[in-house]
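Student: My questions all concern the structure below.
The values are calculated or read from the model by the stated rules, or taken from the named source; none is laboratory data. Small disclaimer: the values here were computed from a predicted structure and weren't measured. Here the Cβ positions follow ideal geometry from the backbone for every residue, glycine too, while neighbour counts run over all protein chains shown.
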């Protein structure tokens with residue numbers, strides 16, 4: 001009888017502890033994420049943004065019931081992640097799960113720009129085409145944004161947080177892109193990039209030849225791959241933008257390269273002396289690196305054309321970053337097609353600060369014009385006798401105007417410029433990259449290249465909230481190069497090592513048991 005009472009008391013005690021833990025869990029939320037980079041838990045930036053909600057945010061999850069794999073697993077992940085957002089929102093975030101199974105619910109989904117998808121679904125032992133929905137709508141005050149289709153969970157936190165930030169921010173930053181010198185446009189190689197930018201920024205094209213000054217609402221200005229020279233007036237407008245504290249991003253090519261024709265010609269942009277005034281010197285070279293990307297090359301073999309992958313040193317793959325700098329922190333690999341190195345010596349002369357953020361590997365080199373850029377060029381060991389060449393860097397400090405001792409250029413006709421001339425900037429910063437091709441559509445599809453560029457844009461607009469979230473989604477993990485001897489040791493160690501250990505353990509156990517039997521006799 002006593003034992004029964006003791007057992008019953010123990011059960012009540014366990015039940016009481018479980019109830020108490022569940023009550024505490026309503027108030028206290030905590031999860032443990034042991035993955036590298038904490039990819040399955042919210043970053044501090046996401047928590048901070050959702051904690052600062054001052055009005056109700058409603059998230060409508062339009063998910064068709066019983067989705068097939070792998071979409072059903074993705075949807076569970078989406079729900080769990082949104083629950084984590086909700087737990088940090090202080091009650092200001094609400095979730096609503098909707099299964100669009102009737103016309104009314106379908107019309108609601110489409111009102112929020114969430115389209116139906118056609119998907120093969122196995123039902124009743126036969127394959128059927130089913131109309132499904134997998135989208136999210138975010139409603140805040142009188143505004144809404146949507147993720148029309150959740151195809152993958154990769155980068156989901158970044159998308160959700162950027163949408164919440166966009167809905168709740170009073171001001172959306174404006175980024176200006178310089179045009180008029182043959183720069184790539186939306187129609188010529190930057191379509192993918194523009195789609196990404198327009199989700200977070202107002203994007204404007206700026207023709208300096210038509211302006212008296214850079215518009216005051218521009219938070220950051222970017223120059224990407226010009227092919228034609230800048231006029232004195234355009235330099236003046238750029239100079240005064242910097243003098244009033246404007247942030248500038250430079251992605252400049254020193255050579256016009258046509259890989260199909262195997263030609264590389266120097267570009268004359270008229271910017272060398274102008275940029276030297278701010279401590280910038282991009283060398284007249286192309287960097288080659290043994291750690292590089294590969295090209296697909298077709299070769300004729302009789303009547304057949306064979307495609308081979310060949311290492312192409314003119315496409316360095318950089319893994320050497322300043323780990324403390326927010327722009328590149330967390331990145332794994334960025335590809336730089338036809339990149340020129342940067343000389344940092346001028347910054348000391350100008351009393352400015354220079355921070356290299358991307359470097360080449362320990363086995364790289366700097367080649368001078370003329371170049372042989374054919375995929376089958378034979379390189380020698382002397383071509384890779386340099387290390388850690390600077391591919392991208394930051395210049396900061398107080399800049400002196402390029403036009404301090406020069407007459408003010410005459411503006412074009414119909415342009416009036418009566419603004420006050422500024423001879424020195426406040427504390428300012430700019431970023432320079434010796435390559436513009438890394439953000440073309442063919443390269444920006446590489447996740448790290450896209451993140452690198454978007455981080456620079458955030459940094460220029462002084463909005464660094466989302467940088468850490470982007471970088472933690474990086475998944476590229478290139479294997480470190482090892483010697484042939486180590487490769488063979490690892491190979492045969494994996495093949496023979498475990499069987500040998502098992503045999504040795506068996507022999508050891510057999511000897512122990514044999515000695516035990518002798519002692520027993």
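Student: So residue 69 ticks every box in (1) farther than 18 Å from residue 158 by Cβ; (2) over 25 Å from the mean Cα position of the chain (by Cα); (3) not in a loop (DSSP other than H, G, I, E, B) but one. Which box is left unticked?
Tutor: With (1) farther than 18 Å from residue 158 by Cβ; (2) over 25 Å from the mean Cα position of the chain (by Cα); (3) not in a loop (DSSP other than H, G, I, E, B) applied to residue 69, the lone miss is (3).
Student: While we're on this one: Out of all the residues in segment 385-399, which are surrounded by fewer than 19 Cβ atoms within 10 Å (Cβ to Cβ) and more than 27 Å from the chain's Cα centre (by Cα)?
Tutor: 385, 386, 398
Student: Restrict the check to segment 467-487 and report whether at least one residue is outside any loop (DSSP other than H, G, I, E, B), touching a strand residue (DSSP E or B) at 6+ places or on another chain (Cβ under 9 Å) and either modelled with pLDDT under 70 or under 23 Å from residue 393 (Cα atoms) (or both).
Tutor: Scanning segment 467-487, I find no residue that is outside any loop (DSSP other than H, G, I, E, B), touching a strand residue (DSSP E or B) at 6+ places or on another chain (Cβ under 9 Å) and either modelled with pLDDT under 70 or under 23 Å from residue 393 (Cα atoms) (or both), so the answer is no.
Student: While we're looking at this one, here's another question. Listed residues 82, 18, 58, 11; which is outside any helix (DSSP H, G or I) and at pLDDT 70 or above?
Tutor: The match here is 58.
Student: Is it the case that residue 95 is touching a helix residue (DSSP H, G or I) at 6+ places or on another chain (Cβ under 9 Å) and either outside any helix (DSSP H, G or I) or exposed (fewer than 13 other Cβ atoms within 10 Å of the Cβ) (or both)?
Tutor: Yes, satisfied.
Student: Having 3 or more residues that are in contact with a strand residue (DSSP E or B) (Cβ under 8 Å, 6 or more places away or on another chain) and crowded, with 21+ Cβ neighbours inside 10 Å is the bar; report the strands (runs of 3 or more DSSP E) wholly within segment 140-249 that clear it.
Tutor: Passing ranges, in order: 174-178, 220-224.
Student: Name, by its number, the condition in (1) touching a helix residue (DSSP H, G or I) at 6+ places or on another chain (Cβ under 9 Å); (2) assigned to a loop (DSSP other than H, G, I, E, B); (3) within 18 Å of residue 435 (Cα to Cα) that does not hold for residue 408.
Tutor: Residue 408 satisfies every listed condition except (3).
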